[in-house]
Every structure is written in C-alpha cells, then in structure tokens.
Amino acid sequence: MAAEEQASGSPRERPRAFLRAGAVLAVVLAADQLTKHTLAAGIAPGEEKKFLPGITLVHVRNTGVAFSLFSGGGTLVLLFTLLALALLSAYFALRPACPLLWLPTGMLIGGAIGNLIDRLAHGAVTDFIKLPLWPAFNVADMSITFGVLALLYVLEGRRSDGH
C-alpha cells in the first residue's frame, strides 16, 4: 500500500504540487511579461544598449521558438507548443507526487505561455538579452531551457530510484 500511495501521492500532496507548479508558472509569466513590456517601452525595435560587460539589451522580434530556432514556423510552431504543453500537463497530472516535478512543470508551462502570449498578440516573440555569439532571448526562453534541464534531472532521479 505504501508504494501505491507514494505513486499516486497522498490526498494532501496532489493539491500542494499543483499550487507549487502554479506559483512557479505565475512568477515566470509575470517576470517574462514585465521584462518584455519594460524593454519595449525603453528600447526601439532594432536598437541596442550595452547593459553589462558581455550583455547587450536589444529589441528583436522572433517568429521561431527559443533562440530563434524554426523562425517563420508560424502555425507549426504554435501547434508544437500546444502539443508539448498538453503532454507535459498530462504527465504532471498523472504524477503530481513525483518529487520536484512541479518545478520544471511550472517553469516550462510559464515560459511557453509567456512566449505564446507574444506570438498570439504580436505575431512574434520579443527577445531582448543578447550575449556574444548567441541569438537574443528572453526570460521565458531561460525558463524553458532551465525547465528542460530540471525535468531531465527529475526524470533521471525517478529512473535511478526504480520508478
């Protein structure tokens, strides 16, 4: 019974996991939208401003996914994003008690929704952080990148635990 309870989670565990994922999602979404709106108000499209050594603030529009991959993908990018969100949400809904799964879930969904808002409202995503030899990106892209790494870590931990 204990193994079965751990797999599905205690009745109190499930709502906590969803609240945690929701809180991470909200923080990511708020930070992403706030930084994009702040940038858009202070830097004209195509303009660049030095921020810190090695970091330039830019105002570019990205029609692809993170780091400008698949630029111009339009409907295909949108469908892929929605499919990935659905699969991740279903996986999390079936395993909310999985230790730390709420963290990458919130990061990935928050980042994806942040960029989806831009894509639907403006036809492209606003990117504004530019590093040398790297495409411009935004807070949502960072959250997605670190969310994927965190998800791999959580899944590897599950695998090594025998689950």
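The values are calculated or read from the model by the stated rules, or taken from the named source; none is laboratory data. Remember, it's a predicted structure, so these values are computed and weren't measured experimentally. Using ideal geometry, Cβ is built from the backbone for each residue, glycine included, and neighbour counts are taken over all protein chains shown.
Computed quantities for the displayed model
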item: Residue in the range 85-102 that is among the polar types (S, T, N, Q), surrounded by 14 or more Cβ atoms within 10 Å (Cβ to Cβ) and either touching a residue at least 40 places away in the same chain (Cβ under 8 Å) or not in a helix (DSSP H, G or I) (or both) present; result: no
item: Of all residues making up the range 97-140, the number that are charged (D, E, K, R) and more than 14 Å from VAL58 (Cα to Cα); result: 2
item: Qualifying residue in the range 71-79 (condition: at pLDDT below 90, closer than 24 Å to GLY22 by Cβ and of a type in the set (A, V, I, L, M, F, W, C)); result: yes
item: Filter result for the condition that a residue is at pLDDT 80 or above, farther than 22 Å from PHE146 by Cβ and under 20 Å from the mean Cα position of the chain (by Cα), over ARG61, ARG119; result: ARG61
item: Residues within the range 109-143 that are surrounded by 24 or more Cβ atoms within 10 Å (Cβ to Cβ) and in a loop (DSSP other than H, G, I, E, B), tallied; result: 1
item: Qualifying positions in the range 29-39 - in contact (Cβ under 8 Å) with a residue 24 or more places away in the chain and either within 21 Å of VAL58 (Cβ to Cβ) or of a type in the set (S, T, N, Q) (or both); result: ALA31, ASP32, GLN33, THR35, LYS36, LEU39
item: Hey, THR56 modelled with pLDDT of 95 or more and over 21 Å from the mean Cα position of the chain (by Cα) or not; result: yes
